[in-house]
Amino acid sequence: KRELVGFRDHALSVLKLASGRERTLVHYAMLIATYPFFALVANHAGRLLRLQDLCSMDQLKRRCREELGQRDTVSFAVTRVIRTLMDWELLAKGNKTGTYSVGKPIEPASTGIAELLAEAALISSGETNAIVEQILASPCLFPCQFPSNIVTSRWQSQRLSLTTSEFGGFRVTRAAGR
C-alpha cells in the first residue's frame, strides 16, 4: 500500500539509530503494521497473556480460526508467527508443553521507537487516532514495557501529532498522507 511506504522509510531511519533488542521492536512494528495476520496473532497472544500469564498454541489457533475460518493454513501460519516471536525472545516457553509466556519485555530507550510502535498499532487497528495510553496498552504491543513518562518526554514525531484529549490524557493522531 502506498500509505505504508512512508511508514517503512521512517522505520528504516529509526532502525539505524536503534541498538540491541530495540532493533527487534522496529522489526516487530513493521510486521504488525504491514501484515494483518501477524497483528491478529499478536493481539490474541497479548489478550490471553494479559488475562492469564500463559497462553497455549491451541488457544491461539482456535481464536484465529474463529475469526478467519477453519482452514489448515490458519493453524500453520499461527505456528509460524509464534515461532518468530519465540526466536525474537518476545515469547518464552511456559511451564507446560505447548504454552507460552511473555519473554523479557523490552523498554524502548528512545521516544522514536515508542512513536513507531504507536503508529504501527494505529495502522494495524485501522484507526487514525487514539488516546496514547490506550494505544500503548494495546494487546499487540505486549512485548513492550513503556516508561511511565513516555508522553511527557519529548514527542519528536512529524508523523504523529500529540494533543490534549478532552477526557484527560493525550490523543495521538497519524498525519494524513504520511
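Between Val26, Val5, the distinction of being assigned to a helix (DSSP H, G or I), out of contact with any Lys or Arg (no Cβ under 8 Å at 6 or more places or on another chain) and surrounded by fewer than 18 Cβ atoms within 10 Å (Cβ to Cβ) belongs to Val5 only. At pLDDT 90 or above and in a loop (DSSP other than H, G, I, E, B) - does that describe any residue in segment 80-89? Among the residues of segment 80-89, at least one is at pLDDT 90 or above and in a loop (DSSP other than H, G, I, E, B), which makes the answer yes. Look at (1) at positive phi; (2) in contact with a helix residue (DSSP H, G or I) (Cβ under 6 Å, 6 or more places away or on another chain) and you find that Val41 fails only one, number (1). Scan segment 35-82 for residues that are in contact (Cβ under 8 Å) with a residue 40 or more places away in the chain and either under 20 Å from Ala137 (Cα atoms) or open to solvent by less than 50 Å² (accessible area, probe 1.4 Å) (or both) and the total you get is 21. Regarding segment 118-126, can at least one residue be identified that is surrounded by 21 or more Cβ atoms within 10 Å (Cβ to Cβ), in contact with a strand residue (DSSP E or B) (Cβ under 7 Å, 6 or more places away or on another chain) and outside any helix (DSSP H, G or I)? For segment 118-126, residues surrounded by 21 or more Cβ atoms within 10 Å (Cβ to Cβ), in contact with a strand residue (DSSP E or B) (Cβ under 7 Å, 6 or more places away or on another chain) and outside any helix (DSSP H, G or I): absent.
The values are calculated or read from the model by the stated rules, or taken from the named source; none is laboratory data. Just so we're clear, the structure is a prediction, and the values are computed from it rather than from any experiment. We place every Cβ from the backbone using ideal geometry, glycine too, and count neighbours over all the protein chains shown. Heavy atoms of the whole protein, side chains included, go into the accessibility calculation; ligands, DNA and RNA do not. Shrake-Rupley method; radii C 1.70, N 1.55, O 1.52, S 1.80 Å.
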